[in-house]
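These notes concern the structure reproduced below.
The values are calculated or read from the model by the stated rules, or taken from the named source; none is laboratory data. Note that the structure is predicted; figures quoted are calculated from it, not measured. Note that each Cβ is placed from the backbone with ideal geometry, even for glycine, and that neighbours are counted across all protein chains shown. In case anyone asks, the SASA skips ligands and DNA or RNA and just uses the protein heavy atoms, side chains included. Shrake-Rupley method; radii C 1.70, N 1.55, O 1.52, S 1.80 Å.
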Amino acid sequence: MYLVSAYFDSETNKILQEYINKIAAATGNDFMVKNNVPPHLTLSAIEARGVDVLLPAFDSLAGEIKQGEISIITVGQLMPQVIYVAPYLNDYLSTIEQRVFDCLAGIPETTVSNYYKPLSWLPHITLAKTLTREQMLDAVKVMQDFKSIKAKIVKIGLAKVNPHEDVSEISLC
């Protein structure tokens, strides 16, 4: 499995990483920290036999996607194991998700996850995963002070999962 993700400006990263660290400390669940998973918003998840078939398509996105702003406005849960923050889906975010999908969808012998296709995508930024029921309750308590965040997307990246390993990135202008 490979992910194409959006990454944020340094101020947004700092805020999101603080939430990740606070949740890890409060719950004892350090999955995100231990696995060096940076704050990110996944745009696509794709099954492929190897990264070599994805790189040409991913690299073609350079110059096609520009930096843009999003508003991270809410906290949510994917029960029973994931707590996240989410932006509202503005034109910018919808456009980059569509461009990434269009770029990857036609690659032979690959499959884009049904959860990352246009009109079936829930944009979110995972703060903790593999939580138990008790850890989820503690994580929700940590997030009680959440305030909306104006964020800037400054790069996109291609990564392998389990464990997280960056493969390629494109800085956006």
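Brief remarks follow.
- Computed accessible area, Met136, all protein chains, 1.4 angstrom probe, square angstrom: 10
- Modelled label positions at Lys14 and Asp52, each set 7 Å beyond Cα in the direction of Cβ, lie 4.3 nm from each other.
- Phi to ³J(HN,Hα) by Karplus 6.51 cos²θ - 1.76 cosθ + 1.60 over the range 163-169, Hz, x for Gly, Pro: x, 4, 9, 5, 10, 7, 9
- The GluC sites (Glu not before Pro) of the range 72-169 that DSSP puts in a loop, and whose beta carbon has at most 14 other beta carbons within 10 Å, are Glu109.
- Over the C-alpha trace of the chain, radius of gyration and Dmax come out as 15.8, 46 angstrom.
- Computed over the range 77-173: relative contact order in percent, which uses C-alpha pairs under 8 Å that are six or more apart: 29
- Accessible area in square angstrom per residue, the chain, 1.4 angstrom probe: 51
- Percent carbon-and-sulfur accessible area, the range 71-123, ignoring ligands, DNA and RNA, probe 1.4 Å: 54
- Taken as Cα centroids, the range 97-173 and the range 6-35 sit 14 Å apart, rounded to the nearest whole angstrom.
- Sum of side-chain charges, Val142 neighbourhood, beta-carbon under 14 Å (Lys, Arg +1; Asp, Glu -1): -2
- Peptides 44-50, 86-92 ranked from most to least packed give 44-50, 86-92, packing being the mean of other C-beta atoms within 10 angstrom over each peptide's residues.
- Principal semi-axes in Å for the range 35-100 [√(5λ), Cα gyration tensor, largest first]: 24, 19, 10
- With 27 Å as the limit on Cα-Cα distance, the pairs of Lys22/Lys117; Lys34/Lys66; Lys22/Lys152; Lys34/Lys117 that go past it are Lys22/Lys117; Lys34/Lys66; Lys34/Lys117.
- Residues whose amide H lies under 5 Å from that of Ser168, counting only those 5 or more places away or on a different chain, are Leu158; hydrogens are built 1.01 Å from N in the peptide plane.
- Under 17 Å from Lys155, Cα to Cα: aspartates and glutamates that are on another chain or at least 8 residues apart: Asp9, Glu11, Asp59, Glu64, Glu69, Glu97, Glu165, Asp166, Glu169
- Contact order normalised by residue count of the chain, Cα under 8 Å, 6+ apart, percent: 38
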